[in-house]
Amino acid sequence: MKIIKTIKRALHFDSTLYSEIEEKNEYNIQAILVVVLASIFPAVAIQGFDVFGIIISFIYELLSCIFWIGIIVVMAIKVLDIRIVPINFARCIGIALFPLLLMILVLIPYIGIYLAIIGIILSILSVFKVVQELLEIEFSLALVLAMIGAIPFILVNFYLIYQK
């Protein structure tokens, strides 16, 4: 499957991957799939067999991922006045969220929450890499953009985990 190959390239920090993703529309489905899976995995892990809870959690997770992408795109365009094609940049960030797939590990007793936190941290670092590489901005500014986008995602996840 192409998505597995893309994730492997992202794991190995392939320097050509994100510029390739930015240029090619064929990565749209892969980016959407990563975001959807990154939203459904924690929903299932957090809610267990509660179907209604899974649906509600999935919606919260999906909206927080979309919000994460949206914040970065809007800040790059409006605040930093950087010329980007929003859909191309959003596609790159969508693929960069692949470490969120580790959120399924919340199912593991005792250490699952820590593994999920590692997944969130790796996602922030992955998004940071994309922001710095594609926007060609300085280190600290790219880190701030990645972190600001992550805040709603982190808040939603901790709310869902601890409201159980």
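General remarks:
- A single member of Ile124, Ile118, Ile148 is within 11 Å of the chain's Cα centre (by Cα), modelled with pLDDT of 90 or more and in a helix (DSSP H, G or I), and it is Ile124.
Rundown of residues vs (1) touching a Phe, Trp or Tyr at 6+ places or on another chain (Cβ under 8 Å); (2) among the small types (Gly, Ala, Ser); (3) at pLDDT below 90; (4) farther than 21 Å from Ile21 by Cα, yes/no style:
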residue: Val85; (1), (2), (3), (4): no, no, yes, no
residue: Asn88; (1), (2), (3), (4): no, no, yes, no
residue: Ile93; (1), (2), (3), (4): yes, no, no, no
residue: Ile113; (1), (2), (3), (4): no, no, yes, yes
residue: Leu141; (1), (2), (3), (4): no, no, no, yes
residue: Leu160; (1), (2), (3), (4): yes, no, yes, yes
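- Near pairs, Cβ below 9 angstrom, 6+ apart or cross-chain, from the range 71-97 (without any contact (Cβ under 8 Å) to a residue 60 or more places away in the chain and assigned to a helix (DSSP H, G or I)) to any residue that is surrounded by fewer than 16 Cβ atoms within 10 Å (Cβ to Cβ) and polar (S, T, N, Q): Ile87/Asn25; Ile87/Asn28
- For the range 47-75, filtered to residues that are over 18 Å from the mean Cα position of the chain (by Cα) and either of a type in the set (Val, Ile, Thr) or buried (at least 23 other Cβ atoms within 10 Å of the Cβ) (or both), the residue that is nearest to Gly149 (Cα to Cα) is Ile56.
The values are calculated or read from the model by the stated rules, or taken from the named source; none is laboratory data. Quick caveat, the model's predicted, so the values are computed rather than measured. Don't worry about glycine lacking a Cβ; one is built from the backbone with ideal geometry, like all the others, and counts go over all protein chains shown.
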